1. Of all residues in the range 269-292, which are surrounded by fewer than 16 Cβ atoms within 10 Å (Cβ to Cβ) and modelled with pLDDT under 90?
2. Do you know which of the residues in the range 20-76 that are modelled with pLDDT under 95 and part of a helix (DSSP H, G or I) is farthest from Ala260 (Cα to Cα)?
3. Of the residues Ala47, Ala74, which single one is closer than 27 Å to Ala14 by Cβ and under 22 Å from the mean Cα position of the chain (by Cα)?
4. With respect to the numbered conditions (1) in a loop (DSSP other than H, G, I, E, B); (2) out of contact with any Phe, Trp or Tyr (no Cβ under 9 Å at 6 or more places or on another chain); (3) within 27 Å of Ser300 (Cα to Cα), which one is the sole condition not fulfilled by Glu106?
5. What about Val111, is it surrounded by 18 or more Cβ atoms within 10 Å (Cβ to Cβ) and touching a Leu at 6+ places or on another chain (Cβ under 9 Å)?
6. Quick check, is Ala262 more than 24 Å from Thr62 (Cβ to Cβ), hydrophobic (A, V, I, L, M, F, W, C), in the same structural domain as Val155 (by TED's automatic domain parsing) and at pLDDT below 95?
7. Could you look through the range 238-261, keep only residues that are touching a Lys or Arg at 6+ places or on another chain (Cβ under 7 Å) and crowded, with 23+ Cβ neighbours inside 10 Å, and pick out the one that is farthest from Leu226 (Cα to Cα)?
8. Report, ordered by the first and then the second residue, all pairs with beta carbons closer than 9 Å, sequence separation of six or more or different chains, a first member in the range 134-159 that is more than 16 Å from Glu233 (Cβ to Cβ), and a second member that is β-branched (Val, Ile, Thr) and at pLDDT below 90.
Amino acid sequence: MSTSANVNSRDALADLATAISESGCVLVSIQHEFGIWGGNEGENIHAFLDNLTKPFVTVLHTTFGPNVRTQRQAGIVRRLVEQSTKVVVLTEKSKESTEALLGRLEPKVVVIPHGVPDLPYVPPPATWMSVGHDQARPIRMITPGFFREDKGLEVILCALHILRNHGYSVSYCIAGEAQRQFEGQAQYRARIEGMIESLGLSGEVHIEGRYLTVSEQAAAIQSAHLGIFGYQEPTQASSGTVPLVLSLGRPVLCTPFEYAVAKAREGSGVFLASGFDPSSIADSIERLIQSGECATLAKSIFDNTRLWTWTLVGERYSELFSDCLER
């Protein structure tokens, strides 16, 4: 059986679905994100679904309500929900959005959180002081994950520029490489590097522009006080890096995108900026610095995320798959 297919070829996806359908496979797990299925709007998935005869469970990484995405993308989500035995979303907010798109309550949609590695707790670095002190220590911030344009890195940089002008010592790490399958991301990194230079932040901002191993990524997060995520799309419904930072005992400061809002509702160490602009982000970071909550919340954030470990999340998927097969 073929184990891969070129997502830009509808014929290749059709052949893959046919091969799976003719195999001994009893249940298919479909991970759905528009950027990974090919076509202008992810529509090549139809070639796969048209030729798949096995039952399947869909994990929706992108969810949205009515009149948010195009009719083509809304149609893809509706088809996936209609044909799936079960549908998994990452938050209760995503379940609400999906049901709003469908125009009905949908019992086959279940919530399973994004998993995280089960790593030991490491206390945060020593606390910081403002640059006016003789032994100034910066507040250390990090944005891990793929180097993508929708993460709002330029907005974060402008916020750090504001903070520095307010007398704070800051240190910021962008840890991750561009996704090579998408055009323009290498050029985006070049623009960010130019912006760092033009804002005079070369001494404060470090780019670790490569794929980090799990242990390397964990060490980078553990050396920080705070994760920061500046997504500019309000309907951003998923994230693997936000729960990763939380699982290592570090709070996160986010623009108010959907996934962050959903996690903030859980009281899991997510702080929301009032808006998507640099001033809102800078104001929120300044309040966190002054409150000292980054250090005091670290262990409780770590403890509260133990239910997200891959082992426990995997058990929930195993139970779900078994339930589907019993039907």
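1. Within the range 269-292, Gln290, Ser291, Gly292 meet the criteria.
2. So, considering only residues that are modelled with pLDDT under 95 and part of a helix (DSSP H, G or I), the one farthest from Ala260 (Cα to Cα) is Ile36.
3. When all the criteria are applied, what remains is Ala74.
4. Result: Glu106 passes all but (3).
5. Numbers: surrounded by 18 or more Cβ atoms within 10 Å (Cβ to Cβ): no; touching a Leu at 6+ places or on another chain (Cβ under 9 Å): yes.
For Val111, the condition - surrounded by 18 or more Cβ atoms within 10 Å (Cβ to Cβ) and touching a Leu at 6+ places or on another chain (Cβ under 9 Å) - is not met.
6. No, not satisfied.
7. So the residue we want is Glu258.
8. Arg137/Thr127; Pro138/Val131; Ile139/Thr127; Ile139/Ile289
The values are calculated or read from the model by the stated rules, or taken from the named source; none is laboratory data. Worth saying up front: this structure is predicted, and the values here are computed from it rather than measured. Cβ sites come from the backbone with ideal geometry, for glycine too, and all protein chains shown count toward neighbours.
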